[in-house]
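**Student:** Before we start, here is the structure in question, set down as structure tokens.
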Amino acid sequence: MDTVGGSCYSLNLQENERRIREERERENKFNETLGSAGSLSRYESKRFKTLLPQMMASAISALFHVVVGISLAYSAILLPQLEEESSDLKITKAQGSWIASVITITIPVSGMTCGFLMDGMGRLNTIKLAMIPAVVGWIIIATSKSVMMMIIGRIITGFAAAWGTSPAMVYITEIARADMRGSLMSFAPAYTSLGVVLAYFQGWMLHWRTVAWVCNVYAVVPFVLVMFIPESPAWLVSKGRNDQAKKSLNWFNKYQPQPQNKTQTFAQLQFEYLLKEHEDKEKLRMKGGMAERAKEFLKPTGYKPLLILLGLFVFQQFSGIYITLFYSITFFQEVHSGMDPYFVSILIGGVRFFMSIVNTYMLKTFCRRTLIIYGSAAMAVCMFVSGLYTHWIKEGVTTLTWVPVLAILLYVVTSMVSLLSIPWTMTAELFPIEIRGVAHSIVYSSAYLIMFLSIQSYNTLKDTFKGVAGLQWFFAVTSLAGLVYAYILLPEAHGVKLADIQEYFKYNNVYIGGINTKESALKKADRMEKEQMEELVNRV
């Protein structure tokens, strides 16, 4: 019996060691394929001049985000003008909610078609193609004679939003230097915030139909400028267009010096790396079909981050971040601050734009979980104070009408570095590479569906909580609930290896003690299994 028990124990140990070794090898292989040029970094010059082509390409490719910012904020300037007595197009509150929110529900649908387009046509060609629905949509809006025409125009601009932005983010990811990827991707939120400011400013000065006509200019400019930058080398390699890929790499690396102890240029080294990376990805793709990917969602590493992120987006959307964006003018009219709601909205938009730039430093320097926790607390305080003073102003208790505006400004500042931006960045960090693309699409689409529900519910929530003051208190409570949710469930991903994140999800449900412990979760599980087996052998 002892011999049999010892043999069984030895076999189990060998099997366990084999399992751990295979799992680590598999994870290392996957992690190797993540970086676009990680193994070449020692040959890459970090001088500012060498970064100029990437900066230029990123700035141009992300330019369509200006149109998206205007599209998102357009309902804020549109609805107040439609509600005026002199308006030639009359709407109800329910119709206004649909006009504001319908664009958010079209983005997930158009996002699915966008994936096929950018893989088939290329990243930049898809951005060019986005000009067509953008121009058509804005013309329909500008000439609308009915609410249905207005909604159709908003739906079409929603397709343009996805086609013009998702390829840009993929393009920047593929052409940017590894250490500058996050900074270059910050062009996108900065442009979106700029679009919001432009929408509010134009709505202050112009009729909503004129604003719609002007938006066609913003859609045409990216179409023209994108012609002056080369296509993604990674995409060209994936399509076997190697000569074009070499030309593209030469353009991006025109200022890179000759690598030491190498006869090849840096562009040639990068081309060889992309070829190998493409071959590795093809092997991985052939190994795992759709059925295998679906099974990954049944594992803790699949369903846990999915559920955590979906919950986080619920708190994000119902904390008022996007509701105040889509209904900005109406919202500030009801706050009774005494200030011009268009001016206040422009001020808020300007703060969003400034913070989108500051956010690049914040996300690079501070832990994401920490930013969400402290940011959500600050959001709750700001919204509570704003709601309190809104209530007092309405009751005639105070004349400090500037306090709600200041509180909301601070609310925007804290939301931009916490609950607004961070959930979007974590959609690509918490999932294993096998399902990262699919999982990102699911979370991305679900987030916009939740956004649609939150924007649709604006008037209902306002009526339920007896006015805009009560609505602000609801936003404050939701922000606090998001804080508790993040504190209990959200793991830290900043500066943490992807393999460690996956180990965390395998063996933990609640975030306690962090991920980077001295002994990884996998080692703990392995040790516990060995101890249990030893105890069993001793009993035998």
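**Student:** Summing +1 for each Lys or Arg and -1 for each Asp or Glu, what net charge is found among the other residues whose Cβ lies under 12 Å from the Cβ of residue 160?
**Tutor:** Neighbour charge sum, excluding residue 160 itself: +2.
**Student:** Let me ask another. For the range 420-474, what % of the accessible area comes from carbon and sulfur atoms, probe 1.4 Å?
**Tutor:** So the carbon and sulfur contribution to the accessible surface is 70 percent.
**Student:** Still on this model: Between residue 484 and residue 52, 0.36 nm times their residue separation minus their Cα-Cα distance comes to what?
**Tutor:** On the way: separation 432, 0.36 × 432 = 155.52 nm, distance 4.28 nm.
Length gained, residue 484 through residue 52: 151.2 nm.
**Student:** Using DSSP to define loop residues, name the trypsin sites (Lys or Arg not before Pro) in the range 200-251 whose beta-carbon has at most 16 other beta-carbon atoms within 10 Å.
**Tutor:** Working: sites: 209, 239, 241, 246, 247; in loops: 239, 241.
Counting only loop positions with at most 16 other Cβ atoms within 10 Å, the trypsin sites (Lys or Arg not before Pro) in the range 200-251 are 239, 241.
**Student:** Ok, one more. For residue 398, project a label point 7 Å along Cα to C-beta. Then give me every residue of the range 358-391 with its amide nitrogen under 19 Å of that point.
**Tutor:** The answer is 378-391, whose backbone nitrogens lie closer than 19 Å to the label point.
**Student:** Measuring from label point to label point, each 7 Å out along Cα→Cβ, what is the residue 298 to residue 365 span in nm?
**Tutor:** Between residue 298 and residue 365, the simple spin-label model gives 4.7 nm.
**Student:** May I pose another question? To the nearest 10 square angstrom, how much accessible area does residue 207 have with a 1.4 angstrom probe?
**Tutor:** Accessible area, nearest 10 Å²: 90 Å².
**Student:** Using a Förster radius of 22 Å, what is the FRET efficiency between residue 310 and residue 438 based on their Cβ-Cβ separation? Nearest 0.05, please.
**Tutor:** Values: r = 15 Å, r/R0 = 0.67.
That pair, residue 310 with residue 438, gives E of 0.90.
**Student:** Two decimals is fine: what's Rg over Rh for the range 312-381, C-alpha atoms, Kirkwood radius as Rh?
**Tutor:** Details: Rg = 14.0 Å, Rh = 13.8 Å.
Result for the range 312-381 is an Rg/Rh of 1.02.
**Student:** Ok, one more. Normalised by the empirical 2.2 N^0.38 Å for globular proteins, what value does the Cα Rg of the range 72-163 take? Intermediate values should be presented prior to the final figure.
**Tutor:** Details: Rg = 14.5 Å, N = 92, 2.2 N^0.38 = 12.3 Å.
Rounded to two decimals, the normalised Rg is 1.19.
**Student:** Further, regarding this structure: Give the value in nm², to one decimal: projected area of the alpha carbon convex hull of the range 143-221, averaged over all directions.
**Tutor:** 6.0
**Student:** Going through the cross-link list 254/364; 46/247; 49/262; 239/364, which pairs have a Cα-Cα distance over 31 Å in this structure?
**Tutor:** Table pairs above 31 Å Cα-Cα are 239/364.
**Student:** For the range 38-109, which whole-number percentage of the solvent-accessible area (1.4 Å probe, protein heavy atoms only) is attributable to carbon and sulfur atoms?
**Tutor:** After summing per-atom areas, the C and S share lands at 63 percent.
**Student:** So if I average 1/r over every pair of distinct C-alpha atoms in the range 429-500 and take the inverse, what Kirkwood radius in Å does that give?
**Tutor:** Every distinct Cα pair counted, the radius reaches 15.0 Å.
**Student:** Please report, in whole Å³, the volume per residue of the convex hull around the C-alpha atoms of the range 188-310.
**Tutor:** 233
**Student:** Counting Lys and Arg as +1 and Asp and Glu as -1, what is the net charge of the other residues whose Cβ lies under 13 Å from the Cβ of residue 50?
**Tutor:** Numbers: positive: 46, 47, 49, 177, 254; negative: 44, 179.
With Lys, Arg at +1 and Asp, Glu at -1, the net is +3.
**Student:** Here's something else I'd like to know. Given labels modelled 7 Å from the Cα in the Cβ direction, how far is it in nm from residue 45 to residue 477?
**Tutor:** My value for the distance between the label points is 6.1 nm.
**Student:** Moving to a separate point now. How large is ³J(HN,Hα) for each residue in the range 187-198, as worked out from phi by the Karplus curve 6.51 cos²θ - 1.76 cosθ + 1.60 (θ = phi - 60°), to whole Hz, x for Gly and Pro?
**Tutor:** 4, 4, x, 5, 5, 4, 5, 4, x, 4, 4, 4
**Student:** Follow-up. Once phi is turned into ³J(HN,Hα) by the Karplus curve 6.51 cos²θ - 1.76 cosθ + 1.60 with θ = phi - 60°, what whole-Hz value does each residue of the range 70-84 show in order, with x for glycine and proline?
**Tutor:** Karplus values, whole Hz, x for Gly and Pro: 5, 4, 5, 8, 4, 4, 5, 8, 6, 4, x, 6, 5, 7, 6.
**Student:** Convert 10 °C to kelvin, take the viscosity as 1.306 mPa s, use the Kirkwood radius over C-alpha pairs of the range 384-449 as Rh, and evaluate the Stokes-Einstein diffusion coefficient in µm²/s, rounded to a whole number. If you can, show how the numbers build up before the last one.
**Tutor:** Working: Rh = 14.7 Å.
Rounded, D is 108 µm²/s.
**Student:** Quote the Stokes-Einstein diffusion coefficient, in whole µm² s⁻¹, for the range 342-498, based on the Kirkwood radius over alpha carbon pairs, a temperature of 25 °C and a viscosity of 0.890 mPa s.
**Tutor:** Result for D is 143 µm²/s.
The values are calculated or read from the model by the stated rules, or taken from the named source; none is laboratory data. The shown structure was predicted, so the numbers you read here are calculated from the model rather than taken from an experiment. Heads up, the Cβs are rebuilt from the backbone with ideal geometry, glycines too, and the neighbour counts pull from every protein chain shown. Side chains included, ligands, DNA and RNA excluded: accessible areas come from the protein's heavy atoms. Shrake-Rupley method; radii C 1.70, N 1.55, O 1.52, S 1.80 Å.
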